[in-house]
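Here is the structure we will look at, set down as structure tokens.
The values are calculated or read from the model by the stated rules, or taken from the named source; none is laboratory data. Since the model is a prediction, treat every value here as computed from it, not as a measurement. Here Cβ is always computed from backbone atoms with ideal geometry, including for glycine, and neighbour counts include all displayed protein chains. Protein only, heavy atoms only, side chains kept; ligands, DNA and RNA dropped before computing areas. Shrake-Rupley method; radii C 1.70, N 1.55, O 1.52, S 1.80 Å.
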Amino acid sequence: MVRYGVDRIGEYRDLLSGGRVALLTSVTGRSSKNVATIDLLGRICHLTALLGPEHGVRGDQAAGALTGNSVDPATGLPVYSLYSADSKRLRSEILDKFDILVYDMQDVGLRFYTFLSTLCYMVEDCAAAGKRLVVLDRPNPLGGSVVEGGVLQSAFQSFVGCRPIPTRYGLTAGEFARMVNERERLGCDLHIVPCDGWHGEMFPTWGQIWQMPSLSLPTFEGTALYAGTCIFEGTTLSEGRGTAAPFRIIGGPGIDGEKMVRGFSDLKLPGVASTPVYFIPTTSKHQGVPCGGLMLHVTDHQALRPVELGVRLLDLFQRYYPEQSAFLPPPRSDGTPFISLLTGCGDLAAGCDKDALLARWRSESAAFAQEKTAYHLYERT
């Protein structure tokens, strides 16, 4: 059975001594025995503050909802938002409250999931302020060996793409923090409490319960597909928010689910099947409007290549239903479409050749797969 970094905190408690401790965590910050990291740290150190990412410390905030500071009702500790309208960084009001920052959240192993950008900011900000950063490591649920997608280009850097890495990057949070700190020579006083029993395996082999990182990722199957279907957030198609299967259900008004399933079957993509679905989203895109589309089912997690799946499925929708699958308007003033921020390049928005794009991405991800080995903390089997 895999044990998380927080399970080993007793072996590393000296890292938390001699100062005030702040904890950056989410609802996934729990031990393998299902005890909240907040409670565990409260017993062994001087815990003075909680820091909340997107979705909040307790996981009660909607995706994209900007939050302010508050008080945690369970502990009475102040909660400082790192996903506010003012800033997503360690502001002076937060830095004044701690000497040591502990990070413990279950990430999903994808560049566009915002926990990664928050961690990146913590490495930078702790380095600049001379604060210690302790990462309680957790395995990457998508595994530690397979790398997919193109490396983010600098022009498309954003909070859903903080560093030049592929979409599926095959590192743990601790390994990523180590990479940023060493590759950029930031000089952060970084310490990683490693997990044990993990050798690069995907989540189903861990012997642990799935702790959903956000309400839109309630299952591992949906999270595995999210690696590819997240790009539909950059289109007018529904990515399944407001349904029982977000990121597994893709569709929109006027779409024939049976037609989409036949076309998808012809793609012969490994590790995945589809069935027709008709749905009415209760929130987000097309709220209250009858929609059709397909529902994806993972048949083989090892064979599945979700990034290519996302591109191929988007191409299928655009060929069959071009009006229903347009790209959303740019979310920022420089005119960059959201699809480009998600993919880390402008190719899809420019109407590129999908085969050529995927070939380039395979080359880029292969090169990164070699580079990242310098930062591994765990052997991969």
Next item on the list: Would you check if residue 331 is of a type outside the set (A, V, I, L, M, F, W, C) and modelled with pLDDT under 95?
Entry: yes
Margin query: Only one of 229, 236, 283 is in contact (Cβ under 8 Å) with a residue 40 or more places away in the chain and open to solvent by less than 10 Å² (accessible area, probe 1.4 Å). Can you tell me which?
Written below: 229
Check: Quick one: is residue 277 more than 24 Å from the chain's Cα centre (by Cα) and in a loop (DSSP other than H, G, I, E, B)?
Finding: no
Check: For region 320-341, what are the residues that are without any contact (Cβ under 8 Å) to a residue 40 or more places away in the chain and open to solvent by 70 Å² or more (accessible area, probe 1.4 Å)?
Finding: 322, 323, 329, 331, 333, 334
Check: When you go through (1) in contact with a Phe, Trp or Tyr (Cβ under 8 Å, 6 or more places away or on another chain); (2) surrounded by fewer than 22 Cβ atoms within 10 Å (Cβ to Cβ) one by one for residue 90, which number turns out not to apply?
Finding: (2)
Next item on the list: Looking only at region 195-208, decide whether some residue is touching a Lys or Arg at 6+ places or on another chain (Cβ under 9 Å), open to solvent by 10 Å² or more (accessible area, probe 1.4 Å) and either under 21 Å from residue 328 (Cα atoms) or not in a loop (DSSP other than H, G, I, E, B) (or both).
Entry: yes
Check: Does region 184-192 contain any residue that is crowded, with 21+ Cβ neighbours inside 10 Å, more than 21 Å from the chain's Cα centre (by Cα), not in a strand (DSSP E or B) and not aromatic (Phe, Trp, Tyr)?
Finding: yes
Note to self: Condition (residue is buried (at least 24 other Cβ atoms within 10 Å of the Cβ) and of a type in the set (Ser, Thr, Tyr)) applied to region 123-145: is it met by at least one residue?
What the structure shows: no
Check: How do the pairs read when you match residues in region 34-47 that are under 16 Å from residue 59 (Cβ atoms) with residues anywhere that are open to solvent by 50 Å² or more (accessible area, probe 1.4 Å) and outside any helix (DSSP H, G or I), using Cβ under 7 Å and keeping only pairs 6 or more apart or on different chains?
Finding: 36/30; 37/30; 38/75
Next item on the list: Just one of (1) surrounded by fewer than 20 Cβ atoms within 10 Å (Cβ to Cβ); (2) in contact with a Lys or Arg (Cβ under 8 Å, 6 or more places away or on another chain) trips up residue 35, so point out which.
Entry: (2)
Check: Within the set of pairs 6+ apart or on separate chains, which have a first residue in region 243-265 that is closer than 11 Å to residue 276 by Cβ, a second that is open to solvent by 10 Å² or more (accessible area, probe 1.4 Å) and assigned to a helix (DSSP H, G or I), and C-beta atoms under 9 Å apart?
Finding: 255/320; 256/320; 259/320; 260/320; 264/312
